[in-house]
Each structure stands twice: as C-alpha cells, then as structure tokens.
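Notes for the one structure printed next.
The values are calculated or read from the model by the stated rules, or taken from the named source; none is laboratory data. All of these numbers come straight from a predicted model, not from anything done at the bench. Heads up, the Cβs are rebuilt from the backbone with ideal geometry, glycines too, and the neighbour counts pull from every protein chain shown.
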Amino acid sequence: MNDAHGDDWTAREELAERMIPLISSLRRERDVVTSLHGHRLLGLSATGIVEVHDRVAQLGHAELSLEDSLAVLETLQKLAPGASSIDVARLVEGGNSSDATLEAYLAEVLAPAMGAVAAEPTDVVLYGFGRIGRLLARILIAHTGGGSGLRLRAIVVRRGSENDIVKRASLLLRDSVHGRFAGSVTVDEENEQIIANGTRIQVIYSDDPGSIDYTAYGIRDAIVVDNTGRWRDEAGLSQHLNSTGVARVLLTAPGKSPLKNIVHGINDDTIEESDRILSAASCTTNAITPVLAAIDEAYGVVKGHVETVHSFTNDQNLIDNFHKGDRRGRSAVLNMVITETGAAKAVAKALPQLEGKLTGSSIRVPTPDVSLAVLHLTISRPATKEQVNDYLRRVSLHSKLRQQIDYVESPEVVSTDFVGSHRAGIVDGLATIADEDTLILYVWYDNEFGYSCQVIRVLEVMAGSHPVVLPARREVTLEG
C-alpha cells in the first residue's frame with residue numbers, strides 16, 4: 001500500500017466517489033457497517049469521506065490514505081462478509097504491517113463474520129420525542145439497512161396543537177445544534193405518520209404509558225425507550241409493560257435501585273433476557289465511567305472529584321423565572337449555574353470497585369451542547385503525563401473501550417468541535433496533568449449525541465443485534 005495522491009484534491013475526491021457505492025452496497029446487501037476509527041462512512045458525501053480521513057489524522061491517529069481505504073473496501077466487497085461492524089482504518093493499519101497480500105490478510109481477520117446472519121428485526125418505540133428522542137430517531141433511521149437489527153416503529157407524545165405532527169416532523173428535520181436531517185422527512189397526516197428516508201414512524205398520542213395497544217399498529221415485542229424522565233423507578237416504568245405489544249423498557253436517565261444502570265462497554269455484559277426494565281444511566285456517567293475504568297485498571301483510583309462544566313438543559317429557564325430547583329430558575333443563557341450532579345456516585349453502579357471513592361459537582365454554562373468533565377484523581381501508581389496520554393491514546397484505538405473513549409491532542413479544539421461525536425467521552429491529552437499520585441484529566445463529551453450512541457448500543461445488546469466487531473479488539477496495558 002502507498003500514499004499516492006497526497007494533497008491533490010481532485011484525485012482524492014475521485015477516490016472518495018468510488019468508495020460511496022461500495023459503502024452503500026456493503027450495508028444494503030451484506031449488513032456490513034464500515035467506519036474509520038469509529039466515524040461511520042455510510043451516508044457521507046465524497047467531500048465528507050475526505051474530511052473524515054483528514055480528521056482522524058488530526059485527532060492523533062496515524063495518517064490514512066484514501067487509496068488504502070478504497071483498496072480495503074474493494075476487497076471487502078469481493079470477500080462478502082456477513083453482518084458485522086468493520087473499522088476500515090484498523091484494517092489498513094494491519095494490512096500495512098502484514099507480510100501477506102491484502103486479500104489474504106483480510107480473509108483471516110474477517111473469518112468470524114463469514115456467513116454471519118443478521119439478527120431478526122426488533123421493534124423500537126420512543127416514548128417522548130425531545131432532544132434525546134429525536135437524536136435516537138436519527139440514529140435508528142441511519143442504521144436502517146437490510147431490514148435487520150433495530151427498527152423504529154413509533155413515537156408516543158402528548159398532543160400539543162392541531163398541527164402537532166407537522167411540528168414534530170419539522171423538529172426531526174431541522175436541528176439548531178446537529179444540523180439538518182440527512183435525507184427526506186414528510187408527513188402522512190391521514191395515518192398520523194412521519195416518513196423519514198422511507199421509514200414510517202407511527203405517531204401515537206397518549207399520556208398513559210400503560211394503556212396503549214401497540215399491536216393495533218403492527219408492533220410486537222417492542223422495546224420502549226422512555227425519554228421523558230417522568231419515571232425513574234421500577235414501579236413507574238413498569239407501567240409500559242402493561243401496554244399490549246411491549247416486551248422491555250429502557251430508561252434514558254439514571255435509574256433508581258434496584259434497576260441496573262448500564263454503561264455500554266463497562267457492564268453491558270450483565271444484561272440478561274430476564275431484565276425487563278433497564279437504565280442507560282446519564283450522559284455524564286457514560287462519559288466518565290469508561291475513562292475511570294481504564295485509569296483504575298492501569299493506576300488504581302484511590303479517590304477523586306468529578307467537576308462537570310455542563311451545557312444548559314431544557315429544564316432550566318431562558319430568563320429568570322420560578323423553578324423548583326435551587327439556582328436553576330436563573331437565566332440559563334446568561335449565567336453559569338452551580339448545581340448538583342449524581343454522576344460521580346452513579347459511576348459505582350457500573351464500577352462497584354469505585355463505591356464511595358468519588359465526589360462530584362456541576363456548573364451549567366451558556367452553551368447548548370457539548371460538556372466537559374474534569375477528573376481530579378488520586379492514584380496508587382505514580383504517573384507521568386506522557387505515559388498516561390500514550391496509554392489512553394492506545395485504549396482509544398485498540399481496546400474494548402474504543403467505542404466509548406476517544407483521544408485528541410490539539411491546541412485549537414474547543415467544545416463545538418465535538419458536536420456529533422459517536423464516542424461517550426474524548427480525552428484532551430494536552431490538558432492532562434500528572435504529578436506522581438495526582439492525575440487530572442479533561443474529558444469532552446457531546447452530552448446529546450454521544451450519549452444517544454451509547455443508548456443505541458445498549459438497545460442492540462438488549463435486542464441481540466449488536467454486530468460482530470472487526471478487527472477484534474484487544475487488551476491494552478500500561479506497558480504496551
């Protein structure tokens with residue numbers, strides 16, 4: 001493999017154009033999802049594909065040639081693996097270091113996916129259609145390929161006005177933070193359906209989670225994703241199970257004991273078929289738990305404090321007004337607001353070994369999305385900045401936590417650079433401070449989209465539709 005075409009934009013664009021039909025056909029015909037270090041390729045324009053190649057290099061990964069990526073995609077098409085999630089960038093790296101031909105090398109790596117059969121589709125209902133609900137809808141629609149995996153069937157909301165469905169569709173189509181929906185959104189008002197890229201989403205109007213007959217809409221054995229936050233305990237969420245056609249429930253907020261709080265990549269292996277109600281924890285818990293797990297494994301966490309600089313949320317006021325919570329009544333767009341967070345204590349629900357070791361607090365700031373967690377840790381094994389950063393960079397590239405942790409080293413990045421990140425948290429290596437037994441880490445996270453990706457991963461585990469991931473992830477240690 002070589003790195004021809006360098007800075008020749010026309011040549012690079014032509015290579016990217018040749019990739020598009022390969023990426024699409026692998027998804028449609030083989031149920032194969034391709035990515036570059038976790039950045040999905042499906043649906044990108046030629047310019048977008050070039051941009052992702054440049055971005056992964058800027059984020060601390062090895063430089064990646066479009067010519068090499070195209071060669072891998074063409075070989076994938078020839079080998080025809082089954083349902084899987086394939087990181088093209090990691091295949092390029094392995095192919096460059098292999099003595100075998102590219103085809104022979106890929107045939108060996110892809111062996112677990114040869115003949116893999118896609119899971120039966122699982123119906124998903126979004127109960128609530130706010131910030132997280134609409135992003136989950138976008139991701140589910142984008143994942144729709146050969147009819148397998150998760151299948152968005154309906155949303156449940158309270159009717160807000162006569163033209164409610166038109167307004168809901170418009171909010172799905174246009175988003176001030178995440179941009180315009182990639183595709184077409186129309187409305188079938190007669191049947192009360194939103195049609196997004198061919199996916200018909202039934203809009204069900206109800207304020208009673210336990211009285212809906214989902215089977216009347218052809219929905220069966222569905223997973224209901226409760227995005228409302230109205231109920232966080234087993235008694236409240238079990239109301240969904242009283243509706244006909246519901247099999248399981250997932251809460252997109254911290255759940256109260258005895259509910260399992262699942263952080264994908266950390267404790268999703270504890271999910272059992274008998275678990276009818278689960279929680280996907282909070283955005284902050286999902287952002288910091290994987291990083292804390294990696295640090296605890298390598299250095300041992302003695303104690304720590306988590307301070308989050310968190311974008312304002314919809315429960316705050318735009319201007320000063322009454323609010324039942326302390327300080328949250330003051331204008332979210334004009335003030336920094338000190339508030340409480342249970343995220344630090346919630347970490348122990350996924351990482352029991354950190355029980356009682358962490359405290360936490362939060363400052364809400366006047367930005368609409370992307371937050372920052374500062375982890376101030378006392379560790380049992382001495383550390384240097386270079387050592388910690390090298391370890392976390394390798395964890396982000398190769399470990400079992402590479403879907404959760406990303407790593408960046410750039411003196412120019414700011415919060416908006418992480419809008420749309422698929423990772424739960426991104427370690428800012430240049431901000432790391434290490435002094436013997438004291439370690440301070442700065443972790444960015446898209447508290448909307450990154451968290452929504454984690455929710456989807458939990459849904460895939462619940463549905464048994466999480467694809468085989470290739471190349472296989474490996475254990476990453478402090479030494480190598």
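Structural remarks
- Meets criteria (surrounded by fewer than 21 Cβ atoms within 10 Å (Cβ to Cβ), more than 24 Å from the chain's Cα centre (by Cα), in contact (Cβ under 8 Å) with a residue 24 or more places away in the chain and under 27 Å from residue 418 (Cα atoms)) for residue 332: no
Table: residues versus (1) assigned by TED's automatic domain parsing to the domain that holds residue 365; (2) under 26 Å from residue 92 (Cβ atoms); (3) part of a strand (DSSP E or B); (4) at pLDDT 95 or above.
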{"position": "392", "(1), (2), (3), (4)": "yes, yes, no, yes"}
{"position": "400", "(1), (2), (3), (4)": "yes, yes, no, no"}
{"position": "403", "(1), (2), (3), (4)": "yes, yes, no, no"}
{"position": "406", "(1), (2), (3), (4)": "yes, yes, yes, no"}
{"position": "477", "(1), (2), (3), (4)": "no, yes, no, no"}
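- Among residues of the stretch 261-283 being free of Cβ contacts under 8 Å to residues at least 40 places away in the same chain and not acidic (Asp, Glu), the one that is farthest from residue 226 (Cα to Cα) is 270.
- Yes/no for residue 109 being of a type outside the set (D, E, K, R) and more than 21 Å from residue 250 (Cβ to Cβ): yes
- In the set (1) buried (at least 16 other Cβ atoms within 10 Å of the Cβ); (2) at pLDDT below 95; (3) closer than 24 Å to residue 261 by Cβ, residue 224 fails one condition alone, (2).
- Condition check for residue 359 on (1) at pLDDT 95 or above; (2) part of a strand (DSSP E or B); (3) out of contact with any Gly (no Cβ under 6 Å at 6 or more places or on another chain); (4) more than 25 Å from residue 337 (Cα to Cα): one failure, at (4).
- Some residue of the stretch 360-367 being surrounded by fewer than 21 Cβ atoms within 10 Å (Cβ to Cβ) and without any contact (Cβ under 8 Å) to a residue 24 or more places away in the chain: no
- The residue pairs whose first member lies in the stretch 294-311 and is touching a residue at least 60 places away in the same chain (Cβ under 8 Å) and more than 9 Å from residue 359 (Cα to Cα), whose second member is among the hydroxyl-bearing types (Ser, Thr, Tyr) and assigned to a helix (DSSP H, G or I), and whose beta carbons are closer than 7 Å, counting only pairs six or more residues apart or on different chains, are 298/391; 308/284.
- Any pair with Cβ under 6 angstrom, 6 or more apart, that starts in the stretch 181-198 at a residue that is more than 12 Å from residue 169 (Cβ to Cβ) and ends at one that is crowded, with 16+ Cβ neighbours inside 10 Å and among the hydrophobic types (A, V, I, L, M, F, W, C): 197/141
- Positions within the stretch 276-310 being under 22 Å from the mean Cα position of the chain (by Cα) and in a loop (DSSP other than H, G, I, E, B), in sequence order: 280, 281, 282
- Selection from the stretch 447-475 of residues that are over 21 Å from residue 250 (Cβ atoms) and under 11 Å from the mean Cα position of the chain (by Cα): none
- Of the residues in the stretch 14-32, none is within 30 Å of residue 390 (Cβ to Cβ) and not aromatic (Phe, Trp, Tyr).
- The one condition in (1) basic (Lys, Arg); (2) under 19 Å from residue 423 (Cα atoms); (3) modelled with pLDDT of 90 or more that residue 40 fails to fulfil: (3)
- Single residue of 211, 243 found to be touching a residue at least 24 places away in the same chain (Cβ under 8 Å), more than 28 Å from residue 310 (Cα to Cα), hydroxyl-bearing (Ser, Thr, Tyr) and crowded, with 20+ Cβ neighbours inside 10 Å: 243
- Residue count for the stretch 440-473, restricted to those that are in a strand (DSSP E or B), surrounded by fewer than 24 Cβ atoms within 10 Å (Cβ to Cβ) and not aromatic (Phe, Trp, Tyr): 4.
- Checklist (1) buried (at least 23 other Cβ atoms within 10 Å of the Cβ); (2) assigned by TED's automatic domain parsing to the domain that holds residue 40; (3) not small (Gly, Ala, Ser) applied to residue 135, failing item: (2)
- You will find that of 95, 115, 133, the residue that is in contact (Cβ under 8 Å) with a residue 24 or more places away in the chain and part of a loop (DSSP other than H, G, I, E, B) is 115 and no other.
- Scanning the stretch 98-112 for residues that are touching a residue at least 40 places away in the same chain (Cβ under 8 Å) and out of contact with any helix residue (DSSP H, G or I) (no Cβ under 8 Å at 6 or more places or on another chain) returns a single hit, 112.
- Verdict on residue 413 being part of a helix (DSSP H, G or I) and surrounded by fewer than 22 Cβ atoms within 10 Å (Cβ to Cβ): no
- For the stretch 234-271, the set of residues classified as assigned to a loop (DSSP other than H, G, I, E, B) and within 18 Å of residue 341 (Cα to Cα) consists of 252, 253, 254, 255, 256, 257, 262, 263, listed by residue number.
- The stretch 420-439, subset in contact (Cβ under 8 Å) with a residue 12 or more places away in the chain and part of a helix (DSSP H, G or I), residue surrounded by the most Cβ atoms within 10 Å (Cβ to Cβ): 429
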